[in-house]
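**Student:** One structure, pasted below without further comment.
Just so it is clear, none of the values below were taken in a lab; they were calculated from the coordinates. The model shown is predicted, which means the values in this text are computed figures rather than measured ones. Neighbour counts run over all protein chains shown; Cβ positions are idealised from the backbone, glycine included.
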Amino acid sequence: MGVSPPYNRRVVVLVDEVRLADDGGLRLPAALSTAITTLAAIVLGYLGWVLPGPGGSLAVPTLIVAGIGCATGIACWMITGSRATAVAILGVTVLASVWTFAFSLPASLLWSPDATAQATTALQQITSSPRNQFGVPLQPCSTMTTGSVGPIDAPYRHCAVSTPEGHFVIFTSAGLTGRGLGYTDIGAATFPNECSRHLTGNWWMFTADSSGTGGCPIGYQFHGGG
C-alpha cells in the first residue's frame, strides 16, 4: 500500500497578466501604438499639404487639420483606452497644424524643381521682348497649359514686369487673378493695396483686400499703395 503525499497534487498553469499602465489606462503594444501614430501623422501631413492654397486662407486648413487630429486622438482613447497613444496623436496634431499654417506652401516651392527657373526665364524674356512707345512690353503675360509652379497647377498664367524700380513675376491660377504667387525683388511693395505673406526667398503669396479697409486674412499683412 502506497503512502499518500502530505499535500494535494495540482496542476499549476502560469499565465501572463494583463496589467494597466501606471496612469490607469491600457497600454497598447509598442508596435501597434507606433503604427497608429504614424498613420495619423501621414494623414494629417497630407491634409496639411493639399488644403492650403496660395492667397487662400491659412486658418481654415489649419483648423481642419487640428480638428481631425483632436477627434482622432479622442476616438483612440475612447476605443482603446490607451492614453499614451492618444497623447502621441495629439502631439502629432500640433506639429501637423504648425506645418499646415507655416511650412506647407514654402515647402511646395522649395520642392518644385523649376519654380524659380520659370520666374527667372520669364524675366529674361520680358527684358528682350518688343515694347510699345511707352516702354511697356507688348506681351507681358503667358498662359501655361501643362506643368505647375509650386502649389499652382496648370492651367495657370504668369505676368512679368521689369522696371528700374523692381522685377517680378505674378503667377495665378486660371480665373483667380485676385490671388496667387509672386516672385519679386521688391517684397511686399509688389502688391499695393493688397494682402501678402512672405514664403521663402523671393517668393510671396498675395490676395486681394476684399474689405477695402486693409483687413487681411490671418497670416497676411496689408501693404498700402501710397
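**Student:** On average, how much area does the Cα convex hull of region 30-110 cover when viewed from any direction, in nm²?
**Tutor:** Numbers: hull surface 20.3 nm².
Computed as one quarter of the Cα hull surface, the answer is 5.1 nm².
**Student:** Calculate, for residue 114 and residue 64, the FRET efficiency according to 1/(1 + (r/R0)^6) with r their C-beta to C-beta distance and R0 25 Å; round to the nearest 0.05.
**Tutor:** Working from the Cβ atoms, E equals 0.25.
**Student:** Run the dipole for region 115-223 about the Cα centre, Lys and Arg Cβ at +1, Asp and Glu Cβ at -1, nothing else charged, and hand back the magnitude in debye, nearest 20.
**Tutor:** Details: 4 positive and 5 negative charges, 27 e Å.
Dipole magnitude for region 115-223 comes out near 120 debye.
**Student:** Find out how many positive minus negative residues lie around residue 186, taking Lys and Arg as positive, Asp and Glu as negative, among other residues whose Cβ is under 15 Å from that of residue 186. Could you put the intermediate results ahead of the total?
**Tutor:** On the way: positive: none; negative: 165, 185, 194.
Around residue 186, the surrounding residues sum to -3.
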